[in-house]
Each structure stands twice: as structure tokens, then as C-alpha cells.
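In what follows, a single structure is set out as C-alpha cells and then discussed.
The values are calculated or read from the model by the stated rules, or taken from the named source; none is laboratory data. Fair warning: this is a prediction, and the values are worked out from it, not measured in the lab. Cβ placement follows ideal geometry from the backbone for every residue including glycine, while neighbour counts extend to all protein chains displayed.
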Amino acid sequence: MPGKSRSWYPVNRDPEYGPLGRYVETFQDTLLACGYAAATIRHKVRLVRHLNHWLHQEQLSPKDLDEQRIAGFLRYWRKSHSIHLGDQLTLKNLLGWLRESGITPVLALQEEVSDLDRLLEDYARHLRQERGLAPATLRNYLPSVRRFLQGRFGANAVAPKELMPKDVMAFLFQQTRIYRVRRVQLIATALRSFLRFLRFRGDLTTDWAVSVPTVANRRCPDLPKYLPPQDVDRLLRSCDRTRAVGLRDYAMLLLMVRLGLRAGELLTLTLDDIHWEAGLITLWGKSHHQESLPIPKDVGEALVRYLKKGRPDCSTRRLFVRARAPFRELARNSSVCVVVRYACRRAGISPPHQGAHLLRHSLATQMLRHGASMAEVAQIMRHQSPQTTEIYAKVDLRTLRELAQPWPRRAR
């Protein structure tokens with residue numbers, strides 16, 4: 001943080017005793033770089049010094065430190081001291097830092113890799129390298145394929161050549177009893193992809209992917225969830241822009257409201273993606289698809305205020321970072337949804353869905369109601385397929401009324 005220096009945190013400059021003594025000061029500098037407050041750093045360093053003293057008593061070296069040793073220290077420490085909320089995380093971070101620095105060895109996993117794990121690893125490599133799919137797609141496909149193979153072969157060795165269409169049908173029928181239709185559709189897509197991979201690899205001589213049935217579902221049965229303009233304004237006004245976290249949340253919400261950014265696009269934005277002179281912002285969408293959009297004036301002003309007064313000093317190039325130490329990029333898409341959810345709570349509105357897509361749907365709906373064409377909406381929403389934009393036709397009630405034909409009546 002600006003103005004901070006290590007002189008705030010008194011450290012014994014004499015060489016410290018114990019196996020971790022020489023590393024305490026360097027670990028303290030790491031905490032300072034992560035943006036922790038002075039009192040927090042003092043508490044964490046004090047805990048590390050107590051761990052150092054315990055290791056000295058137990059005649060252990062830094063190479064002996066692992067998760068079990070830390071658990072043993074915490075049991076010992078709990079007998080005479082109260083355990084604070086973040087103490088276990090502090091020691092976990094210390095162990096990770098010692099391993100990254102090469103001071104403590106990384107434990108090698110001795111577990112035997114099964115045939116199933118090797119097959120899924122090859123499949124994941126195929127999806128990444130040959131098909132160029134995003135990590136999120138792999139996280140959706142791999143668990144479904146694993147369940148399919150485990151259900152088919154159980155504890156026996158996995159033999160892809162023994163797979164038959166009836167196995168796929170039985171598995172999908174079972175999934176319909178557990179998951180909703182959209183989820184089963186995703187599972188069916190994953191199975192088709194996996195069966196094509198097996199044929200590509202030579203395990204199957206017949207393209208069993210064509211045997212995977214299409215999961216019936218009436219397209220877009222419901223209206224897309226959206227907020228009326230007055231609720232969108234209340235959502236934006238709920239951000240306390242006198243605080244750093246309020247500046248960050250306001251800029252994030254405004255990007256979703258004005259440009260319809262997805263949670264993943266918002267999460268992966270970097271400082272280098274904003275081209276101030278050209279007035280453009282570069283987005284990396286699905287399947288690494290790149291798009292550039294103009295920056296509206298209010299969005300640009302919100303970003304400038306956040307960068308000047310709200311964004312903490314940190315090493316990451318990601319645009320939006322955590323509001324509390326350690327200052328690093330937001331971990332997952334759900335972090336963006338949490339920002340929307342808290343804003344809805346502050347604004348006193350309770351829509352049925354409170355994720356990032358709520359604001360994206362709101363933008364598309366308002367564009368249609370102000371006379372934008374479906375092609376213009378598709379361009380702003382960055383839809384690669386026109387069918388994706390069709391869901392918004394249902395909310396354009398004025399145009400639908402004009403297209404509706406009168407109900408035929410029986411002549412008297």
C-alpha cells in the first residue's frame with residue numbers, strides 16, 4: 001500500500017535462533033507485499049515465531065515441516081492459547097511459501113495412477129491441445145465422463161473397446177432422474193465428445209457418438225430474467241463510492257450494465273485490455289474469442305476512479321482484485337455473482353436470479369425496448385449464433401403484439 005514500509009513492523013535484527021529464524025523477516029516482507037494491515041502482520045509473525053520455537057524444542061528442521069507437523073503444533077498451541085480464525089490459514093500459507101522457495105520439500109504423491117485417471121488425462125489433453133477448449137468446459141465434461149466410466153466398469157479395469165450404445169442409454173436415463181434437463185443435455189454433449197475421442201484414438205472402430213440421444217427440451221420456455229431500469233439505477237446507487245470496495249463494485253456493475261459483460265469476461269480483464277487513447281476495451285470471451293467494445297463515458301470515469309483510489313498496489317495485472325488482503329485476482333466466476341447478490345441486497349430488490357447474467361439480460365431487454373434490432377443486440381451481446389439472441393424476442397411484447405394474428409372466430 002502507498003506509504004507503507006517495513007519499518008512499521010519492528011523485527012529483531014539479530015540472527016534469530018531456531019530452524020525458521022532466518023526466514024521470519026523475509027516472510028514478513030511477503031505479507032507486507034500482499035497488503036496486510038500492520039496489526040495483522042504482527043499477529044501472523046508472532047505466530048510463526050512460536051512455531052519456530054516449537055520446532056526448536058522438537059528438534060525439527062524446515063525440511064520436516066508438513067501438514068501433519070502444523071496440525072501437531074496447533075494441538076500443542078491450543079492447550080494454552082486461543083486459536084484465532086486465520087491462524088491455520090497463516091501456517092498453511094507459510095508452508096506454501098517455504099515450498100515455493102525451495103526451503104521445504106514438496107511431498108511427492110505415492111498414489112498409483114489408475115487406468116481411468118490415465119484415460120481421462122489423455123482426454124483432457126486432447127480437449128486442451130487438439131480442440132482448444134476452455135478450462136471451464138473441461139470442468140464440465142470430465143466429471144460426467146468419469147461417472148459414466150465408473151458406473152460402467154466399477155472396480156474392474158477400464159476397457160473402452162467394450163463400450164456399447166446401450167451403456168450410454170442406461171447412463172443418460174439414470175441422469176434424468178437426478179439432474180434437470182439442461183444438465184442432462186450437457187452430460188450428453190460430454191459423452192458425444194468422449195466417444196469421438198475414443199474413435200480418434202483408435203479404441204473404437206464405430207462412431208458410437210451418433211448413438212447418444214438428443215435430450216428433448218422445448219427451447220427457451222421461460223422469459224429471460226431481467227431488472228427494470230429503475231431497479232438497475234438503485235443497484236448502482238447502492239455502492240458506497242467513498243470506500244475502495246464500493247469503487248470496485250460500482251465499476252464491475254457498470255461494465256455489466258452498460259456492456260453486458262459475462263462473469264468470466266469481467267474476471268479475466270487485465271490492465272492491458274483497456275486502451276485509453278482508442279477508447280476501447282478488449283474482451284476475451286468463450287473459446288478465447290476476442291472482441292473490442294467502445295468504453296462509454298460513465299464506464300471510463302468509474303474505471304479511472306477505481307484505479308486511482310480503489311485498486312490496491314499489487315503484483316497482478318488483473319483489473320479487479322480482492323478488496324481485502326491478500327490482494328490478488330478474484331478466484332472464480334462466483335466472486336462476480338457475489339458482488340451482484342450483495343448489491344441486490346443493499347438495493348432492497350429480490351429478483352429470482354441474482355447472478356452476473358441478470359444484468360446482461362437487463363441490457364439486452366432495454367436495447368430491444370428502445371428500438372434496437374436483434375442483430376444489434378447480438379453484436380453487443382457478442383453472440384456467435386443468432387439462435388442465442390432469439391430468447392430476447394419474448395420480452396419485446398410491443399413487437400409481438402403487432403405480429404400476433406387475431407384469433408379466428410366462428411361466424412354467426
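Tabulated values for the structure
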{"read-out": "Some residue of segment 121-139 being in contact with a Gly (Cβ under 9 Å, 6 or more places away or on another chain) and outside the structural domain of G264 (by TED's automatic domain parsing)", "value": "yes"}
{"read-out": "Subset tally (residues that are more than 23 Å from R131 (Cα to Cα) and of a type in the set (A, V, I, L, M, F, W, C)) for segment 169-196", "value": "7"}
{"read-out": "Helices (runs of 4 or more DSSP H) contained entirely in segment 208-300, each with at least 1 residues that are more than 25 Å from the chain's Cα centre (by Cα) and modelled with pLDDT under 90", "value": "229-237"}
{"read-out": "Qualifying residue in segment 67-74 (condition: small (G, A, S) and either assigned by TED's automatic domain parsing to the domain that holds L198 or not in a helix (DSSP H, G or I) (or both))", "value": "no"}
{"read-out": "Residue match in segment 27-39 (condition: modelled with pLDDT of 85 or more and farther than 16 Å from A325 by Cα)", "value": "no"}
{"read-out": "Selection count, segment 250-262, where residues are closer than 15 Å to N333 by Cβ and surrounded by fewer than 23 Cβ atoms within 10 Å (Cβ to Cβ)", "value": "1"}
{"read-out": "Residue identified as under 26 Å from the mean Cα position of the chain (by Cα) and of a type outside the set (A, V, I, L, M) among P160, P143, P105", "value": "P143"}
{"read-out": "Residue among P15, P105 that is at pLDDT below 90, in contact with a Gly (Cβ under 9 Å, 6 or more places away or on another chain), not assigned by TED's automatic domain parsing to the domain that holds A325 and not in a helix (DSSP H, G or I)", "value": "P15"}
{"read-out": "Qualifying residue in segment 266-283 (condition: among the small types (G, A, S), under 23 Å from R322 (Cβ atoms) and assigned by TED's automatic domain parsing to the domain that holds K297)", "value": "no"}
{"read-out": "Only one of P408, P352 that is modelled with pLDDT under 75 and loosely packed, with under 15 Cβ neighbours inside 10 Å", "value": "P408"}
{"read-out": "Residue in segment 173-180 that is modelled with pLDDT of 90 or more and within 23 Å of H126 (Cα to Cα) present", "value": "no"}
{"read-out": "Close pairs (6 angstrom Cβ cut-off, 6 or more residues apart or separate chains): over 18 Å from N140 (Cα atoms) in segment 156-183, among the hydroxyl-bearing types (S, T, Y) and surrounded by 14 or more Cβ atoms within 10 Å (Cβ to Cβ) anywhere", "value": "P165/S211"}
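To keep it simple, each residue is scored yes or no on (1) at pLDDT 80 or above; (2) assigned to a helix (DSSP H, G or I); (3) at negative phi.
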{"site": "C314", "(1), (2), (3)": "yes, no, yes"}
{"site": "R346", "(1), (2), (3)": "yes, yes, yes"}
{"site": "S362", "(1), (2), (3)": "yes, yes, yes"}
{"site": "T399", "(1), (2), (3)": "no, yes, yes"}
